[in-house]
Amino acid sequence: MRTTVLIVAAGSGSRLQAGVPKALVTLSDGHTMLEHCLDSVVAARDAGAIDLHAIAVVVPGDPDTATSLETVCHAFAARTAVTVQTVPGGAERADSVRAGLAAVRTLAGSAGSAGGPFGRHALLVHDAARPFVPPAVFGAVVTALESGTAAVVPAVEVVDTIKTVAGAGPEEVTGTLQRTQLRAVQTPQGFDLTSLEAAHRLAEEGAGGAAALTDDAMAMEAAGHRVSVVTGDPLGFKITTQLDLMLANALLASGTSTNLEHH
Ligand code: CTP
Ligand code: MG
């Protein structure tokens, strides 16, 4: 199935506190997080896991950061011959995805993809902050889309006990969720493009605002779609804090960032 990948890289990285937007942060091998993320997409293509049509990258509105990330994208496009389009993002992640969807529609429509612009076209929405997703995860997501599902998420089991709390000031536990029923959801999340566009339009009109949508599957759930789950991978972790960055650099140093899935 022809697949376009939408990488959201427009966040500021406030929790990482690296002094530059997160996608521009350089890992210990000298490559930025965005480069690693782009490389993982092309690795999935080269492994035969996805039939890659194009990549859209949503970048921050700030001109300096945008230029730096565009330079990364242009170098990647020149090296791999993959079509890469950049587009400015918005204040919340969901705003950035919505901005990216318009670019993806143009890319997909011009593709001569099966059925033309209104045929089924796979869209993978992916965080730039997840640099090490193995090809098998991309493959599992697209395989689920090919079987006819409109939404699919890769997920891993939760190791902590998750409790709900309430109260201003000191919090109190209000309940404990049954861990066997919980999953931590990663990206890339896969969608039928037309269905996700409609779901995001619906979510935009609804209450809660863009900040309430912490992933794209939520928009599909709210629109009444079934969301399939496939097996994620520990290497699909998101770099959010300095501790995550240390883990990423340790993986690169030990050479396990690309083959942990075989362990
Ligand atoms: N993202 C985006 N546009 C936003 C916010 C987030 O494109 N307005 C992207 C980030 O670039 C990242 C992904 O969404 O690749 C996941 O978001 P998160 O890990 O929260 O990144 P940041 O928002 O940059 O980090 P923080 O929340 O710590 O500021
Ligand atoms: Mg954020």
| field | Largest-first ordering by accessible area, 1.4 Å probe, given options GLU197, GLU221 | value | GLU221, GLU197
| task | Pick out which of GLY19, GLY232, GLY175 has the largest mean-square fluctuation in a Gaussian network model of the chain, springs linking Cα atoms closer than 10 Å. | result | GLY175
| query | For the chain, what relative contact order do you get, as a whole percent, if you take Cα pairs closer than 8 Å and at least 6 residues apart? | reply | 23
| message | If you count only protein heavy atoms and use a 1.4 Å probe, how large is the accessible surface of HIS74, to the nearest 10 Å²? | response | 120
| said: If DNA, RNA and ligands are ignored and the probe is 1.4 Å, what is the ranking of THR180, THR241 by accessible area, most exposed first? | reply: THR180, THR241
| Most positive-pole-ward Cα, GLY175, GLY190, GLY139, against dipole of region 132-263 from beta carbon charges | GLY175
| request: Mind putting a number on the dipole of region 1-160 about its Cα centre? Charges go on the C-beta only, +1 for Lys and Arg and -1 for Asp and Glu, and I need it in Debye to the nearest 20. | output: 360
| note | With ASP39 itself left out, Lys, Arg at +1 and Asp, Glu at -1 over residues whose Cβ is under 14 Å from its Cβ give 0
| Alpha-carbon centroids, region 10-86 and region 200-221: separation in whole Å | 25
| Shape call for region 164-263 from the C-alpha gyration tensor, a ≥ b ≥ c root eigenvalues: rounded (a/c under 1.5), prolate (a/b greater than b/c) or oblate? | oblate
| query | For the chain, which whole percent of the accessible surface, found with a 1.4 angstrom probe, sits on carbon and sulfur atoms? | reply | 54
| request: Could you tell me the accessible area of HIS200 in Å² (1.4 Å probe, neighbours in place), rounded to the nearest ten? | output: 0
| query | In the chain, with Lys and Arg counted as +1 and Asp and Glu as -1 at Cβ, which of these residues, SER28, LEU213, PRO60, has the Cα nearest the positive end of the dipole, that is, farthest along it? | reply | LEU213
| task | Please work out the average accessible area per residue across the chain, using the 1.4 Å probe convention, and give it in Å². | result | 47
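The values are calculated or read from the model by the stated rules, or taken from the named source; none is laboratory data. Note that the coordinates shown come from a computational prediction; the quantities given were computed from them, not determined experimentally. FYI the Cβ positions are ideal-geometry reconstructions off the backbone, even for glycines, and counts take in every protein chain you see. Just the protein is used for accessible areas: all its heavy atoms, side chains included, with ligands, DNA and RNA removed. Shrake-Rupley method; radii C 1.70, N 1.55, O 1.52, S 1.80 Å.
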